[in-house]
Amino acid sequence: MSSSNIDRCGFMIYHLNVGRIGPCEMKRIIDKGYCNGYTIGLHEMGQVVFQCRMAKENGDIVWLNQPNFDSKKESLSEFMARDAKAIKILKDQGLWDTVAGFHWDEPLLRGMNNDDFLAMTKALYEEYGKRIYPVFSTYEVTGHKGNVTDPDANTQFLKYASKYITDIAFDSYDYDVRPEYQHKFSGAFTKLQEKMPEIDSGEAYYRTYLKKLKDLMLGEPNIWFYPNARQNMTWGGYKSDEDYCIAHLEFFLKLLKEEKHPGGIHLYNWKTWNYNNISLDVLFDRDNPDRWVRYEEAIKKACKEVNQMKLNPAKMKL
């Protein structure tokens, strides 16, 4: 594993990979020190090979985004056979050691059930011995709404299905952690307190959900954190700005350092999908007169710091 950072904590940015921005821009970002790893779809094979080559050259890591397994549509052996074809290409090209493991984004909200998640992760872990890293929404953590305007949900991740999870996170971006802004969230906190009375601040919100996430785990997986890295509307009724995102990053870096089993930081987001949610591709654009220079320096500093944090060796395997 000497060619990778698999023994180190990760620092990544969602939707940042060679397939989205091209090899020249990807190299520039790597050289800037924005990240030490990437997520990319396993079955986007040309892009995966290129990204793994870049990771090998730079001592970085790759997480393979996985599709959901649905036992109503295919057998587990069919799912695994499709993966095996792609993974063989990486092995044949000497790139498999750059892969830390497999990643899913909100799998239950995207249609998977707990039984299928357990069967899929068991098969992948036993076949390849790589890490298993899902990120869950607040719906999946509690089984009910996590934000003021969310509909009530009935999709909850269950503890028995966590057996093969080695890395875990939840994503929620729109609560300010700065003390001087907490009064703006009073309405949001009042609604949340109907089911979680301990939530009376942004910090309490994130710590409460972190505890609930850990309570869903059979073991003690590596913990990842998801700071907001975009300009979007918060539950306080105002847009997140550069100071908001710096505070988010610093807060979650503090939480990461508190962890017995730190996994890393996964910023959201690189790609701008619409102009109500402006992300780092625009905010870091060299031609942007309002470029987030201070935030750029903050993530470079944080990435360097996280890159020096070691994973607990016992948590690299179940």
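The values are calculated or read from the model by the stated rules, or taken from the named source; none is laboratory data. Small disclaimer: the values here were computed from a predicted structure and weren't measured. Reconstructed Cβ throughout: ideal geometry from the backbone, glycine too, with neighbour counts over all protein chains shown.
Tabulated data for the structure shown
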| quantity | calculated |
| --- | --- |
| Where PHE185 falls short, out of the listed (1) touching a His at 6+ places or on another chain (Cβ under 6 Å); (2) buried (at least 21 other Cβ atoms within 10 Å of the Cβ) | (1) |
| Criterion (in a strand (DSSP E or B) and at pLDDT 95 or above) met by exactly one of MET12, MET80 | MET12 |
| Segment 193-235, subset among the basic types (Lys, Arg) and surrounded by fewer than 23 Cβ atoms within 10 Å (Cβ to Cβ), residue modelled with the lowest pLDDT | LYS195 |
| Residues that are assigned to a loop (DSSP other than H, G, I, E, B), free of Cβ contacts under 8 Å to residues at least 40 places away in the same chain and surrounded by fewer than 19 Cβ atoms within 10 Å (Cβ to Cβ), drawn from segment 274-311 | TYR275, ASP285, ARG286, ASP287, ASN288, PRO289, ASP290, ARG291 |
| Residue match in segment 180-193 (condition: assigned to a helix (DSSP H, G or I), touching a residue at least 12 places away in the same chain (Cβ under 8 Å) and of a type in the set (Lys, Arg)) | yes |
| Residue ID - surrounded by the most Cβ atoms within 10 Å (Cβ to Cβ), chosen from residues in segment 98-118 that are of a type in the set (Gly, Ala, Ser) and within 23 Å of ILE61 (Cβ to Cβ) | ALA100 |
| Only one of ARG28, ARG8, ARG20 that is without any contact (Cβ under 8 Å) to a residue 60 or more places away in the chain and either charged (D, E, K, R) or in contact with a Gly (Cβ under 6 Å, 6 or more places away or on another chain) (or both) | ARG28 |
